[in-house]
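Novice: Would you mind keeping the following structure in view while I ask a few things?
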Amino acid sequence: MSENYNSMWENLGLDLSAHDALLEALGKSYRDIYLAQKHRPQGMGYFDFVMSEVHGLRIKELIDEKAAGRKVIGSFCVFVPEEIVRSAGATLVGLCTGADFATDEAENFLPRNTCSLIKSAFGFKLGKVCPYIESADMIVGENTCDGKKKSYEVLNDLVPNLYVMDLPQMKSDEGRALLKAEYLRFKEAVEKLTGITIDAARLKKGIEIVNNKRKAIYRLLSLRKVDPAPISGLDALLANQVFFYDDPTRFTLSVNKICDELEQRIEKKQGVFPENTPRILISGCPMAVPNWKLPWIIETSGAVIVGEESCVGERGTRNLTHDSASTVDELMEAIVDRYFKVDCAIFTPNPDRLNHIEEMVETYKADGIIHYGLQFCQPYLMESMPVEKALEAKNIPTLRIDTDYSTEDMGQLKTRVEAFVELIKLKHVPT
Ligand code: SF4
Ligand code: SF4
């Protein structure tokens, strides 16, 4: 980190020695996993910089925005509509949930058999190491899975500014009506927080900014259709993760620049891995920063990841919000339409997700799928079995992985992934 941010972190109430230990561990795994990769696009230097300053410069920017009267809103889920936040001149940031921290303390509040993602959110808060959660003027929780829903009742006692959004569980007319009512209630809450009335012009601008960000990341993801893949799955995942933190306009510019470089690489057939490397699609639970364990295992086992059917990936970023309407009500309808298509496993039944996985296999020419489920995540673990059956019936090799954020099962996972990659080589890849 180029500057000393200690006084900023101290003012935010962080525990400096615990925070130093976190940054050291994060820096080491970034060097070992990211900087050790070969043939990376030069444009990834931007993301290296963002990651080196993820608790530094980016937090300073947020604090400067707050000093200028703008608000920061933290979120744990892709159902929180960034368009509404942006249209009130506020900034939406993802909250740290990708690593174990202060797990013992978190387990004083949550049962042990809670998924790592939820435990991590509590651990970062209780361990006082997340400058994003401490900078947020509002923290939005959502009633998605039971684990999150109940944990927000507990989190409510730990933070002063929790807002809970109710979400439907069925893709019915009633479900859509609930989503619309909740988005209108959220709009009001954001207006109250910021003191800004969201009119049609503001909403259109918010939609435009977020759509541009989605178009850029979607462009990057689409360039992975070719063989050899011009960017590693690890680097594409990083871009997907930074999507939740960075200034959206700068992110859009930087990703489009990387895409220009990737297009040149494709023309020259320059890949990160040789042609005919087995191509894997990851599907399942979201992978928040710095959860890079499984992708690292896959890409050091002779395969390349070509897509993520995940909220930190295509499930979260596909589908634009239509911006052609001219009234607030019509634009809000467009926002509801866009988000109601998100096929999270909390919905029942949820056939769209399986259709999307199959579509992605075809689009990205995947040779096999690795279904990633976090231990104790009932929605995704339950869906993983019918997903596996349906894919195997179509002769698409599928490996189901249940894991957590610890490193204890790395050896065992590597053995399983290597065997899966060998199987794919025998079955699918031309020799
Ligand atoms: S998996 Fe579901 S609950 Fe989790 S971020 Fe995605 S939409 Fe939200
Ligand atoms: S990973 Fe599963 S259990 Fe954990 S928060 Fe997401 S949906 Fe809930």
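Novice: Report the charge-dipole magnitude of the chain in Debye, nearest 20, computed about the Cα centre from +1 at each Lys and Arg Cβ and -1 at each Asp and Glu Cβ.
Specialist: Values: 52 positive and 64 negative charges, 165 e Å.
Roughly 800 debye, rounded to the nearest 20.
Novice: Of all GluC sites (Glu not before Pro) in the stretch 1-74, which ones are in loop regions per DSSP and have a Cβ with at most 15 other Cβ atoms within 10 Å?
Specialist: When the GluC sites (Glu not before Pro) of the stretch 1-74 are filtered for loop state and at most 15 Cβ neighbours within 10 Å, Glu3 remain.
Novice: Further question: Considering Cα pairs under 8 angstrom that are at least six residues apart, work out the relative contact order of the stretch 299-431 and quote it in whole percent.
Specialist: Relative contact order, the stretch 299-431: 22 percent.
Novice: If one computes the Cα centroid of the stretch 369-390 and of the stretch 195-256, what distance in Å separates the two points?
Specialist: Centre-to-centre (Cα) distance: 27 Å.
Novice: Would you compute, from DSSP H runs of 4+ residues alone, the mean residue ellipticity of the chain at 222 nm, taking -39500 (n - 2.57) per run and dividing by the full residue count, rounded to the nearest 500?
Specialist: Value at 222 nm, helices only: -16000 deg cm²/dmol.
Novice: Follow-up. State the answer as a single residue: which of Asn355, Val328, Leu281 lies farthest towards the positive end of the charge dipole of the stretch 270-364, with beta carbon charges of +1 for Lys and Arg and -1 for Asp and Glu, about the Cα centre.
Specialist: Sorting the options by dipole projection puts first Leu281.
Novice: Taking the chain as the reference, fit the longest principal axis to its C-alpha atoms, fit the long axis of helix 378-393 to the helix C-alpha atoms, and give the angle between the two in degrees, 0 to 90, nearest 10.
Specialist: 30
Novice: Further, regarding this structure: Quote the charge dipole size of the stretch 281-431 about the Cα centre in Debye, to the nearest 20; the model charges only the Cβ of Lys and Arg (+1) and of Asp and Glu (-1).
Specialist: I would put it at about 500 debye.
Novice: At q = 0.11, 0.20 Å⁻¹, what log₁₀ I(q)/I(0) does a Debye calculation on the Cα points of the stretch 167-263 give, no solvent, two decimals?
Specialist: Relative scattering, expressed as log10 I(q)/I(0), comes to -0.51, -0.99.
Novice: In addition: Could you sort the peptides 362-368, 301-307 by per-residue average Cβ neighbour count (10 Å cutoff), highest mean leading?
Specialist: Descending packing order for the listed peptides: 301-307, 362-368.
Novice: Looking at this model, which pairs from Lys269/Lys389; Lys60/Lys125; Lys38/Lys268; Lys119/Lys414; Lys204/Lys268 are more than 29 angstrom apart at the alpha-carbon?
Specialist: Beyond 29 Å between Cα atoms: Lys269/Lys389; Lys204/Lys268.
Novice: Let me ask something else about it. Please work out how much length the chain gains when fully extended from Lys60 to Asp260, using 0.36 nm per residue of separation minus the C-alpha to C-alpha distance, in nm with one decimal.
Specialist: Computed gain between Lys60 and Asp260 is 69.0 nm.
Novice: What pairs in Lys180/Lys365; Lys148/Lys171; Lys171/Lys425 have C-alpha atoms more than 28 Å from each other?
Specialist: Lys180/Lys365; Lys171/Lys425
Novice: For His322 and Asn4, compute 0.36 nm times the residue count separating them, minus their Cα-Cα distance, and round to one decimal in nm.
Specialist: So the chain would gain 110.2 nm between His322 and Asn4.
Novice: Would you work out if the stretch 331-378 is rounded, prolate or oblate? Take a ≥ b ≥ c from the square roots of the eigenvalues of the alpha-carbon gyration tensor; rounded if a/c is under 1.5, else prolate when a/b is larger than b/c, oblate otherwise.
Specialist: Oblate is the answer for the stretch 331-378, as a/c is 1.5 or above yet b/c matches or exceeds a/b.
Novice: Between Met410 and Gln270, what is 0.36 nm times their sequence separation minus the Cα-Cα distance? Round to one decimal in nm.
Specialist: 47.4 nm
Novice: Here is a follow-up. If I fit a long axis through the Cα atoms of helix 200-222 and take the longest principal axis of the Cα atoms of the chain, what angle between them do I get, 0 to 90°, rounded to 10?
Specialist: The helix 200-222 is inclined about 20 degrees to the chain.
Novice: Taking the Cα centre of the stretch 277-364 as the origin, how large is its charge dipole in debye, to the nearest 20, when only Lys and Arg (+1) and Asp and Glu (-1) carry charge on their Cβ atoms?
Specialist: It comes to approximately 440 debye.
Novice: Which one of Leu155, Leu203, Gly45 has its Cα pushed farthest toward the positive end of the charge dipole of the chain, where Lys and Arg give +1 and Asp and Glu give -1 at the Cβ?
Specialist: Comparing the listed Cα positions along the dipole, Gly45 ranks first.
Novice: What do you get for the angle between helix 248-267 and the principal long axis of the chain? Use alpha-carbon atoms, 0 to 90 degrees, nearest ten.
Specialist: Approximately 20 degrees, to the nearest 10.
Novice: Something else about it: Which residues among the stretch 168-185 fall inside the zone where the amide N is under 16 Å from a point 7 Å beyond the Cα of Met382, along Cα→Cβ?
Specialist: It comes to 168-171, nothing else.
Novice: In what order do His322, His55, His19 fall by count of nearby beta-carbon atoms within 10 Å, going from fewest to most? Mind showing how you got there, number by number?
Specialist: Numbers: His322 15, His55 24, His19 21.
Final ranking by Cβ density, sparse to dense: His322, His19, His55.
Novice: Against the 2.2 N^0.38 Å scaling, with N counting residues, where does the chain land? I'd like the Cα-based Rg ratio to two decimal places.
Specialist: 0.94
Novice: Only loop residues by DSSP count here, and only those with at most 15 other Cβ atoms within 10 Å; note down the trypsin sites (Lys or Arg not before Pro) in the stretch 111-195 that meet that.
Specialist: Arg112
Novice: Between Glu24 and Lys192, what FRET efficiency comes out of the Förster formula 1/(1 + (r/R0)^6) with R0 = 35 Å and r the beta carbon distance, rounded to 0.05? Could you put the intermediate results ahead of the total?
Specialist: Numbers: r = 40 Å, r/R0 = 1.15.
That pair, Lys192 with Glu24, gives E of 0.30.
Where a number appears in this text, it was derived from the coordinates with a stated rule and is not lab data. These figures come from a predicted structure and were not determined experimentally. Glycine gets a Cβ as well: all are built from the backbone with ideal geometry, and neighbour counts include every protein chain shown.
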